[in-house]
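Working notes for the structure below.
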Amino acid sequence: MADGRGAESGAGTAVALGLLLALQIPIMPIVILGPNLPQLFRQFGALPQADLLVPAIMTAPSLGIALLAPLAGLIADRIGHRPLLVGALALFALAGLLPLWLDRLPAIVAAQVVVGIGAAAIMTNGNALLADYFAPQARDRWLGLQSMLGPFFSTAVGISAGLLGTLGWREPFALNA
């Protein structure tokens, strides 16, 4: 709502849980790649500038977030929070899966920047939708649950990424789907 108070929109637990799950997605790029940096260095370490570009695979999403987060609200004002959130989720998944097929290190880094752009829109619009759909007291409960879910989600994704990393350097990127 424009007045910032939120509204009971009839949105229930399923909508809130869906939003909370979506709001966990922006942490995935770091959690997925952290345990797998050694594999990435083994794969790309002989390339020029690998010392810079391999860590950039993990940090590039933060650049995308920094670039777009301030603009995501303006874009949402034009097209709406829900359409932008759905588009951002699709963008995140598609760009996040590209490293499964890309072989060039700069292209993988560029895909990760796009992942960050999707993550920025997910963060801003997911939180805005919580504010739109729920009155302050309910919204506060959902935001509290969101902060509790983060560590559990990160742990589960990190373990999954580590296990997938034993299969190869590309496999952890499948978690972006």
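Return the residues of region 112-128 that are open to solvent by 10 Å² or more (accessible area, probe 1.4 Å) and of a type in the set (A, V, I, L, M); say none if nothing qualifies. Outline the logic, then answer.
Residues of region 112-128 open to solvent by 10 Å² or more (accessible area, probe 1.4 Å): 113-114, 117, 123-124, 127-128.
Val113, Val114, Ile117, Met123, Ala128, listed by residue number.
The set of residues in region 24-48 being outside any helix (DSSP H, G or I) and either free of Cβ contacts under 8 Å to residues at least 12 places away in the same chain or hydroxyl-bearing (Ser, Thr, Tyr) (or both) consists of Gly45, Ala46, Pro48. Would you call Pro55 more than 28 Å from Gly144 (Cβ to Cβ), under 18 Å from the mean Cα position of the chain (by Cα) and not β-branched (Val, Ile, Thr)? When the stated conditions are applied, Pro55 passes them. Which of the residues spanning region 131-170 are crowded, with 19+ Cβ neighbours inside 10 Å, within 23 Å of Ile30 (Cβ to Cβ) and over 17 Å from the mean Cα position of the chain (by Cα)? Passing the criteria: Leu164, Gly165, Trp169, Arg170.
Of all the numbered requirements in (1) surrounded by fewer than 16 Cβ atoms within 10 Å (Cβ to Cβ); (2) free of Cβ contacts under 8 Å to residues at least 24 places away in the same chain, Leu102 misses one, and that requirement is (1).
Evaluating Arg82 against the criteria (1) closer than 23 Å to Leu130 by Cα; (2) modelled with pLDDT of 95 or more; (3) open to solvent by 80 Å² or more (accessible area, probe 1.4 Å) leaves one unmet condition, (2).
The values are calculated or read from the model by the stated rules, or taken from the named source; none is laboratory data. Small disclaimer: the values here were computed from a predicted structure and weren't measured. No Cβ is skipped: glycine too gets one built from the backbone with ideal geometry, and neighbour counts run over all protein chains shown. The accessibility values were calculated without ligands, DNA or RNA, using every heavy atom of the protein model including side chains. Shrake-Rupley method; radii C 1.70, N 1.55, O 1.52, S 1.80 Å.
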